[in-house]
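Below is one structure, written out as structure tokens, with a few remarks after it.
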Amino acid sequence: MERTLIVGLGNPGPKYAQTRHNVGFLALERLAADIGVSLTQEKFSGHFAQGALPSGHPVTLLKPQTFMNLSGKSVAPCAHFFQVPLERVIVLHDELEFPYGLVRVKVGGGHAGHNGLRSIIEQLGGGPAAQGFVRLRVGVGRPARGSVSDYVLSPFSAEEAPWLDDVCRQVARDVTQVIMEGPRAAMNTIHARPSLFPRPEGASPAAL
């Protein structure tokens with residue numbers, strides 16, 4: 001079985017730990033816990049772990065420690081070292097264009113203004129040939145007013161925070177499905193699913 005590189009995007013340090021821009025980190029940490037590995041090895045300007053899915057598929061999990069706008073300086077050397085082809089690189093990142101909790105799969109394409117994706121594409125060589133990796137886009141919503149930068153670097157709201165672990169668990173399951181079925185087949189199921197948030201009135205995470 002070919003190895004898959006799974007990258008969570010975010011900013012290092014406690015200041016950013018629970019911010020919307022770090023949902024990629026948080027989802028990756030959930031996946032690491034689910035498969036019983038710890039992101040404690042240090043190399044490639046990041047923290048990484050080697051492991052396998054329950055199916056036996058080998059995976060490398062990577063958290064760049066470069067800050068978001070330099071993520072490619074971690075991703076590119078890691079992919080090259082483990083000889084992971086571009087189509088087997090999966091990047092988990094926040095997505096302003098989707099409501100909170102909605103997860104969508106995308107194969108290839110530009111960075112759409114996301115600085116983490118921009119850096120990865122640049123460090124992989126730039127242009128269409130460097131865009132062929134898979135993205136799991138995790139909706140964080142868009143602010144009704146004010147700075148987008150301030151919004152993504154702020155913590156989840158009091159209404160959103162209780163659902164964060166459920167969102168991350170779903171992303172971890174979606175990563176597994178993408179690896180097992182292939183991204184285009186997995187889209188059929190993942191894209192048919194509504195956002196986890198908000199739930200009907202009276203529902204709560206504890207009821208899941």
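Where a number appears in this text, it was derived from the coordinates with a stated rule and is not lab data. This is a predicted model, so every value here is computed, not measured. Glycine gets a Cβ as well: all are built from the backbone with ideal geometry, and neighbour counts include every protein chain shown.
Residues of the stretch 129-155 with amide nitrogen under 11 Å from the 7 Å Cα-to-Cβ point of GLN18? So the set is 155. Bridging of LYS15 to lysines at a Cα separation below 23 Å is possible for LYS43, LYS63, LYS73, once same-chain residues fewer than 8 apart are set aside.
Exposure proxy shown here: for LYS73, LYS63, LYS43, the number of other Cβ atoms within 10 Å sets the order, fewest to most, as LYS43, LYS73, LYS63.
By the count of other C-beta atoms within 10 Å, a proxy for reagent exposure, ARG193, ARG145, ARG88 are ordered fewest to most as ARG145, ARG193, ARG88. Taking the chain as a Gaussian network, Cα atoms linked when under 10 Å apart, which of LEU164, LEU196, LEU117 shows the biggest mean-square fluctuation? The residue with the greatest mean-square fluctuation here is LEU196.
So what is the 222 nm mean residue ellipticity for the chain from helices alone, if each DSSP H run of at least 4 adds -39500 (n - 2.57) and you divide by all residues, rounding to the nearest 500 deg cm²/dmol? Rounded to the nearest 500, it is -9000 deg cm²/dmol. Look at the alpha carbon pairs under 8 Å that are at least 6 residues apart: their mean separation over the length of the chain gives a relative contact order of 24 percent. Between the alpha-carbon centres of the stretch 144-193 and the stretch 81-115 there is a gap of 11 Å.
Against the chain, whose longest principal axis comes from its Cα atoms, helix 23-35 is set at around 70 degrees. Rounded to the nearest 0.05, the FRET efficiency derived from the C-beta distance between SER38 and ARG173 at R0 = 30 Å is 0.90.
Note on MET180, MET68, MET187: ascending count of other Cβ atoms within 10 Å places them as MET180, MET187, MET68, the fewest first.
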